[in-house]
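The structure under discussion appears below in the form of structure tokens.
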Amino acid sequence: QGKNAAALMWDDDLGAGLQMALFDAVAKAAEVPVHALLGKQVHEKTPLSWWNIDTSVKDMALECAEAYKQGYMSYKTKGRPWFDVWAQVEEASKVVPENFKIDMDFNDTLLDAERAIPILEDLAKFPQVDIFESPIFQDDVEGNKKLMAATDVNIAMHYGTPEPLIAIRENICDGFVIGHGARELMASGAVAAMADKPFWLQLVGTGITAAFSLHFGAVLSHATWPAVNCHQLYQDNLLTEPIVVKEGFAKIPDKPGLGFELNRDLMEKLRVKKPASRPEPPRLIETTWKDGRKMYFGNTGEVNFVLNPARDGNVPFFERGVDTRLVPNDGSKEWKELYQKANQGPFLVKG
């Protein structure tokens, strides 16, 4: 309070919302686009990727088709042991051209190089598969070296784990996933450029966040992998005009500020009081395998109540034919008993 906006805007501790607002205000006052405050423009357009969480085989194909229809040429999703990743890629590849690219983020769930390599080799047979993100634990330097030697598909890692110097020196990935606030993002992008490592910008939010991300894509030379903003998930993107994607790219805004006007009437309509805690309705997840086995997960208050057990090796490893669904709460005694047991930890029922 009482300080100049230009003196504050590089403080990442402000949080994304306030930092974006300050950059927008300062750029508008200077009558320049935000990217002029960040550095020299090196790109006239920047690639964007469609994002979706892990889904059924059918839904992933539908999502890829919709992404392609809307002008995207890249799709990022999650590779999980509770879905059939072979069938996912096979069916998705039937509805998009070969130059449409799929990035599968495993969040370490392939666990180690020995188990990961056969699966990655299978998926790499599809020309659409372009990037494997964090297949195994990122700090497993020797394991990630094996992955780099085993596949021509790009390996991506979140910048910072292990230390960038180690990741670059040991060459354990082809490129990075870079996000965070403006100051840290620009510094990370500069290191990636010095190492000649491409990366994608991962600034996640509504259309406002996606618009902000475009400006970093304008000035960061190695931000050449499609950015992941997740804004296309929202019914309302909070901008008066959408970000248009053509042949996988969006134009860099050249108007003052963010280059997009905020739909303030809609923002006011959607305004709610911040809840005391994140809503946590009871959820029961059922995973089934072809041999009749079933595993149940109940939400525990943790966001990754299904992912974390898999990362710990407590979920059966990747198999063909596996599927997962949310079990509707029908109010029955059986549902309640299953949920209460799963809430204490995932449990497996033999077929």
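You will find that of D122, D103, D108, the residue that is surrounded by fewer than 23 Cβ atoms within 10 Å (Cβ to Cβ), in contact (Cβ under 8 Å) with a residue 12 or more places away in the chain and not in a helix (DSSP H, G or I) is D108 and no other. Does D24 satisfy the criteria of being among the acidic types (D, E), more than 17 Å from G189 (Cα to Cα) and touching a strand residue (DSSP E or B) at 6+ places or on another chain (Cβ under 6 Å)? Criteria met by D24. Of the residues making up segment 329-348, just one is within 27 Å of the chain's Cα centre (by Cα) and within 10 Å of I285 (Cα to Cα), namely P346.
Residues in segment 239-267 that are within 30 Å of P97 (Cα to Cα) and in contact (Cβ under 8 Å) with a residue 60 or more places away in the chain: I243, V244, V245, K246, E247, G248, F249, A250, K251, I252, P253. When segment 130-159 is filtered for residues that are under 20 Å from R311 (Cβ atoms), assigned to a loop (DSSP other than H, G, I, E, B) and in contact (Cβ under 8 Å) with a residue 24 or more places away in the chain, the ones remaining, listed by number, are S134, P135, I136, F137, Q138, D140, Y159. Look at (1) of a type in the set (F, W, Y); (2) crowded, with 18+ Cβ neighbours inside 10 Å; (3) in a loop (DSSP other than H, G, I, E, B) and you find that F176 fails only one, number (3). Is at least one residue of segment 268-290 in contact (Cβ under 8 Å) with a residue 12 or more places away in the chain, more than 30 Å from E114 (Cβ to Cβ) and among the aromatic types (F, W, Y)? No, that holds for no residue. Annotation: V89 fulfils all but one of (1) out of contact with any strand residue (DSSP E or B) (no Cβ under 8 Å at 6 or more places or on another chain); (2) part of a helix (DSSP H, G or I); (3) farther than 30 Å from W10 by Cβ; (4) in contact (Cβ under 8 Å) with a residue 40 or more places away in the chain; the unmet one is (1). The condition of being closer than 20 Å to L201 by Cα and either in the same structural domain as A187 (by TED's automatic domain parsing) or surrounded by fewer than 16 Cβ atoms within 10 Å (Cβ to Cβ) (or both) holds for only one of Q128, Q138, that being Q138. Test A92 against the stated conditions and say whether it is under 22 Å from P316 (Cβ atoms) and among the aliphatic types (A, V, I, L, M). Here the answer is no, as A92 does not meet what is asked.
To keep it simple, each residue is scored yes or no on (1) under 23 Å from the mean Cα position of the chain (by Cα); (2) crowded, with 16+ Cβ neighbours inside 10 Å; (3) without any contact (Cβ under 8 Å) to a residue 40 or more places away in the chain; (4) not assigned by TED's automatic domain parsing to the domain that holds V141.
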{"site": "A7", "(1), (2), (3), (4)": "no, no, yes, yes"}
{"site": "D12", "(1), (2), (3), (4)": "yes, no, no, yes"}
{"site": "A21", "(1), (2), (3), (4)": "no, yes, yes, yes"}
{"site": "A25", "(1), (2), (3), (4)": "no, no, no, yes"}
{"site": "K28", "(1), (2), (3), (4)": "no, no, no, yes"}
{"site": "K58", "(1), (2), (3), (4)": "yes, no, yes, no"}
{"site": "Y68", "(1), (2), (3), (4)": "yes, yes, yes, no"}
{"site": "P97", "(1), (2), (3), (4)": "yes, no, yes, no"}
{"site": "I117", "(1), (2), (3), (4)": "yes, yes, yes, no"}
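Scanning segment 273-291 for residues that are assigned to a loop (DSSP other than H, G, I, E, B) and within 24 Å of N329 (Cβ to Cβ) turns up P275, A276, S277, R278, P279, E280, P281, P282, R283, W289. If you check A190, A167 for being aliphatic (A, V, I, L, M), surrounded by fewer than 16 Cβ atoms within 10 Å (Cβ to Cβ) and either under 15 Å from the mean Cα position of the chain (by Cα) or not in a strand (DSSP E or B) (or both), only one passes: A190.
The values are calculated or read from the model by the stated rules, or taken from the named source; none is laboratory data. What you see is a predicted model, and the numbers here were worked out from it, not measured in a lab. All Cβ positions, glycine included, derive from the backbone under ideal geometry; neighbour counts span all protein chains shown.
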